[in-house]
1. Tell me, which residue of segment 43-59 that is out of contact with any helix residue (DSSP H, G or I) (no Cβ under 6 Å at 6 or more places or on another chain) and modelled with pLDDT of 90 or more is farthest from PRO5 (Cα to Cα)?
2. Among the residues of segment 1-30, how many are surrounded by 12 or more Cβ atoms within 10 Å (Cβ to Cβ) and of a type outside the set (A, V, I, L, M)?
3. Which residue pairs have Cβ atoms under 6 Å apart, sit 6 or more places apart or on different chains, and have a first residue in segment 30-43 that is of a type in the set (Gly, Ala, Ser) and a second that is part of a helix (DSSP H, G or I) and at pLDDT 90 or above?
4. Looking for something modelled with pLDDT of 70 or more and of a type in the set (Ser, Thr, Tyr) - is there at least one such residue anywhere in segment 69-89?
Amino acid sequence: MAEVPKQITDLNAKFDQNYDAYHTAGYGETEVRVEFINPFFEALGWDVSNKAAIAEAYKDVIHEDAVKVGGATRGDIPTIAAVLIGSGPPKFSC
């Protein structure tokens, strides 16, 4: 069994320590993504902020991606979605 990266156990500890603050109306979706979701995927080796400066089609992460539903493109659906695109690496939208 693989060892959990320290960054992830640190995120867990941070969440436990500030649990009440994270369950208030003032703690929003963007804060969750910036403080927990992005660091989580970075700890797993994903290039969340595109530090490699690669082309859009090859990025590990596409932020606020739109999806097609019934042939129409909608940008209001995924906050976070994980999909496999072709034979390339997994990608997610947040």
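1. Here is the first cut: in segment 43-59, the ones out of contact with any helix residue (DSSP H, G or I) (no Cβ under 6 Å at 6 or more places or on another chain) are 44-47, 49-59.
Checking the rest, the ones that are also modelled with pLDDT of 90 or more come to 51-53.
Numbers: LYS51: 20, ALA52: 22, ALA53: 25 Å.
The extreme case among them is ALA53.
2. So the answer is 10.
3. Cβ pairs passing all conditions: ALA43/GLN7; ALA43/ILE8.
4. No, the conditions are met nowhere in segment 69-89.
The values are calculated or read from the model by the stated rules, or taken from the named source; none is laboratory data. Only a predicted model underlies this, so the values are computations on that prediction, with no experimental measurement involved. FYI the Cβ positions are ideal-geometry reconstructions off the backbone, even for glycines, and counts take in every protein chain you see.
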